[in-house]
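Beneath this line is the structure, given in structure tokens, with notes to follow.
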Amino acid sequence: MAPRPRWPLAVVAALALSTPWQPAAQAGPVAQAGLAAPGPVAQAAVEHQAEAAVVAGGATESNHAGYTGSGFVNYDNAPGGYVEFTVTAAAAGQATLGFRYANGTTANRPVDVSVNGVVRAGGVPFPGTGAWSTWRTATVTAPLVAGVNRVRATATTTAGGPNLDRLDVTVGTPATARPAEVNGQLRVCGTKLCNRYGKPIQLRGMSTHGIQWYAQCVKPASLDALAGDWGADVLRISMYVQEDGYETDPRRFTDLVHGYIEEATRRGLYALVDWHQLDPGDPNANIALARTFFTEVAARHRDKTNVIYDIANEPNNVSWAGIKSYAEQMIPVIRAQDPEAVVFVGTHGWGSLGISDGRSEQDIVNNPINATNFMYTFHFYAASHQDEYFAALTRAAARLPIFVTEFGTQTYTGDGANDFAYSQKYLDFLAANKIGWTNWNFSDDFRSGAVFKEGTCAGSTFTGTGVLKPAGQWIRERMRTPDDFPTS
């Protein structure tokens, strides 16, 4: 937000000595990230392949890529065709039914979902996915009885149903609805971030510290606390490009990101993939690396509806025109793999809408990015960035789609005294305008902006306030009252 390397070389060296990244035994990317097993937020989903179900008015095919199992069911172009799954539940209770499907048309292909002969969700839309090889998941919640259940998806229009790959059944839906499951695939509508029902929502969550230094803080117990005890909606995965990050070992860091996305998904969180370029500040300097990274990540996770891509963390010492050029090259790279994903683009002056560069949001207003379904990002540190920055955010929010991907209650160094009063002024404005945010940072770094007390991440206790610094207690309290997430 001001000309600063957040982690000078001396600090990087100290961090490397005091909190080194410790690789696990060679057990794949999730184990390397310290995520050997998911936490007990919900029971794991049980997969039921459509080609193994009872099919009437349809056929099993395998002519479109991306399916799981041995194929998928292609409904006849007529109403009444169905796929019926046999689902066994150990006990009666609510379950989340996730239908993985493809719809290469632009029109909805609705079906009725019934359980044991009773329609539990009428006219589930199954909207277009962009191609028959692009797979998404539509979810409904329904009660199951103990023992055998018949779950049927019946086409209701002359176009028939979508191509149906499988049914994922998660028994024991949490009492608090999980944000990514409620809201589904997000889209930018006007200046707002909207859910699958077209309603503006506000996402709130935490940013990891640099995963090259603090991977030990992102593990099952901490993520369970973030999703359950804190009530977060989104996890920002901060992957530095330089500063001992991605460029030193692209395979390792890409695999870490894959693992974190899966863990966020298991907990019903949105995963915000942060290309954390900082020095050099011109994102064009890393564009070849960015193409490689985002092509793989978007291709791997294209069938998920909870992944958001931030292609430039804090551009600095670069013109807005330079950032715009970069964005207009990179957004199509992601769209080629994941056509529906929302993309974030950092603004000039360390994400300050240009203010820290002596410019303003007017640069963007006068020369907007030529793309759709994306948002501009803004960063602030409340003890440093006050009236001038707040005024710029206020003006910009009336004209541009904005998401605050990083903020702190301290100074721009992420340290020093907390200014909770000005922080609250910002958060009140963001809430009133449905502008999402992620706080910096989810670690036990010695700075005041790290939410956990030093040494916490070596343990397994992350719930409650006893492990939190004052900033952590303050942020947690403001995250625990969820957005209403309207569905109608």
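The value given for segment 84-218 is a Kirkwood hydrodynamic radius of 16.8 Å, derived from the mean inverse Cα-Cα separation.
Under the combined filter of DSSP loop state and at most 15 neighbouring Cβ atoms within 10 Å, segment 414-460 retains these trypsin sites (Lys or Arg not before Pro): Lys453.
Please work out the FRET efficiency for the pair Arg187 and Ala146, using the Cβ-Cβ distance as r and a Förster radius of 41 Å; give the result to the nearest 0.05. Efficiency, from the Cβ-Cβ distance: 0.60. Hey, which of these cross-link pairs are over 18 Å Cα-Cα: Lys199/Lys434; Lys199/Lys304; Lys192/Lys434? With Cα atoms farther than 18 Å apart: Lys199/Lys304. Between Lys453 and Thr88, the contour length at 0.36 nm per residue exceeds the Cα-Cα span by 126.9 nm. Extending 7 Å from the Cα toward the beta-carbon at both Lys199 and Gln424 defines two label points whose distance is 2.8 nm. Solvent exposure of the chain, expressed per residue, is 36 Å² of accessible area, with all protein chains present and a 1.4 angstrom probe. Under the convention that each Lys and Arg Cβ holds +1 and each Asp and Glu Cβ holds -1, the size of the dipole of segment 406-488 around its Cα centre is about 120 debye. Ordering Val140, Asn439, Ser62 by Cα displacement along the dipole of the chain toward the positive end leaves Val140 in first place; charges were set at the Cβ atoms of Lys, Arg (+1) and Asp, Glu (-1). Computed on the Cα atoms alone, the convex hull of segment 364-408 gives a volume of 70 cubic angstrom per residue. Taking 0.36 nm per residue of sequence separation and removing the Cα-Cα distance, the Thr295/Ala321 pair yields an extension gain of 7.0 nm. Site pair Asp229 and Glu328 shows an inter-label distance of 4.8 nm when each label is modelled 7 Å from Cα along Cα→Cβ. Kirkwood hydrodynamic radius of segment 281-344 from all distinct Cα pairs, in Å? Taking every pair of different Cα atoms in segment 281-344, averaging 1/r and inverting gives 12.0 Å. Multiplying each eigenvalue of the alpha-carbon gyration tensor of segment 384-488 by 5 and taking the square root yields semi-axes of 26, 18, 10 Å, largest first, rounded to whole angstroms.
Sequentially through segment 151-164, phi angles give Karplus couplings (6.51, -1.76, 1.60; θ = phi - 60°) of 10, 10, 10, 10, 5, 10, 10, 5, 7, x, x, x, 6, 10 Hz, Gly and Pro residues having no value and appearing as x. All alpha carbon pair distances within the chain were sorted into 10 Å bins beginning at 0; the resulting P(r) in whole percents reads 4, 20, 30, 26, 14, 6, 1.
With only the Cα atoms considered, segment 191-231 has a convex hull volume of 107 Å³ per residue.
One chain, two ends: Asp415 and Val46. Fully extended at 0.36 nm per residue, the span grows by 128.3 nm beyond their Cα-Cα distance.
Extending 7 Å from the Cα toward the beta-carbon at both Gln386 and Ala65 defines two label points whose distance is 5.6 nm.
How far is the Cα center of segment 418-488 from the Cα center of segment 112-147, in Å? Result: 35 Å between the Cα centres.
In summary, the convex hull built on the alpha carbon positions of segment 120-183 has an orientation-averaged projected area of 5.6 nm². Only the Cβ atoms of Lys and Arg (+1) and of Asp and Glu (-1) were treated as charged; on that basis the dipole of the chain about its Cα centre amounts to roughly 860 debye.
When the charge dipole of the chain is built from unit charges on Cβ atoms (+1 for Lys and Arg, -1 for Asp and Glu) and taken about the Cα centre, the candidate among Tyr412, Phe126, Asn195 whose Cα reaches farthest toward its positive end is Phe126.
Karplus-derived 3J(HN,Hα) values for segment 343-353, using 6.51 cos²θ - 1.76 cosθ + 1.60 with θ = phi - 60°, are 10, 9, 10, x, 9, 6, x, 6, x, 9, 6 Hz; glycine and proline are entered as x.
Taking the DSSP bridge list for the chain and keeping only pairs wholly inside it, about 60 percent are antiparallel. Secondary-structure-derived ellipticity at 222 nm for the chain, considering helices only, amounts to -7000 deg cm²/dmol, per-run term -39500 (n - 2.57) for DSSP H runs with n ≥ 4.
The values are calculated or read from the model by the stated rules, or taken from the named source; none is laboratory data. Just so it is clear, the model here is predicted, and its values are computed rather than measured. Glycine gets a Cβ as well: all are built from the backbone with ideal geometry, and neighbour counts include every protein chain shown. What goes into the accessible areas is simple: the full protein's heavy atoms, side chains included, and nothing from ligands, DNA or RNA. Shrake-Rupley method; radii C 1.70, N 1.55, O 1.52, S 1.80 Å.
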